[in-house]
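Colleague: Please see the structure below; I have some questions.
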Amino acid sequence: MKIEIREPAVRALSEIAFREDEGIRILAEFVGTCAIATEIELSIEKAKEDDLTIEEKGFHFFVPNSSIDSLPEEIILDYKNGMGYKISSRQETFGYTFKIGEHKR
């Protein structure tokens, strides 16, 4: 799995005061109801045993093995002031206005 971080997202992530061994957890779950979607949550955490760890542009991302099948092989992380983070792939947008939760530190 690969993560491309656009420059606005790099600037936004650079403003976060990560503690030692912390990174961004990308939790994704495929949900099939009357609409098919992937729910994604971002949070600041330490790596867990079953995580895939990806380092990109100096940032660590932790993707649980259970989330890998719900994400494409490459995702793009972008940021827009006042809106939040955007997660997409070359084929589709998974969502806008993602915030990074800090409740799991």
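Colleague: Could you check how many residues of the stretch 83-103 are more than 12 Å from E41 (Cα to Cα) and of a type in the set (V, I, T)?
Modeller: Within the stretch 83-103, residues that are more than 12 Å from E41 (Cα to Cα) and of a type in the set (V, I, T) number 1.
Colleague: Suppose the filter is part of a strand (DSSP E or B), within 15 Å of G101 (Cα to Cα) and not aliphatic (A, V, I, L, M); does F61 pass it?
Modeller: Yes; evaluated as a whole, the condition is true for this residue.
Colleague: Oh, and also: Condition first: in contact with a strand residue (DSSP E or B) (Cβ under 9 Å, 6 or more places away or on another chain), assigned to a strand (DSSP E or B), surrounded by fewer than 13 Cβ atoms within 10 Å (Cβ to Cβ) and at pLDDT 95 or above. Can you find one or more residues in the stretch 35-52 that meet it?
Modeller: For the stretch 35-52, residues in contact with a strand residue (DSSP E or B) (Cβ under 9 Å, 6 or more places away or on another chain), assigned to a strand (DSSP E or B), surrounded by fewer than 13 Cβ atoms within 10 Å (Cβ to Cβ) and at pLDDT 95 or above: absent.
Colleague: Which residues, taken from the stretch 1-25, are surrounded by 15 or more Cβ atoms within 10 Å (Cβ to Cβ) and part of a strand (DSSP E or B)?
Modeller: I3, E4, I5, E22, G23, I24, R25
The values are calculated or read from the model by the stated rules, or taken from the named source; none is laboratory data. Computed from a prediction, not measured in an experiment: that's the story for all the values here. For neighbour counting, all protein chains shown are included, and Cβ atoms are generated from backbone atoms with ideal geometry for every residue, glycine included.
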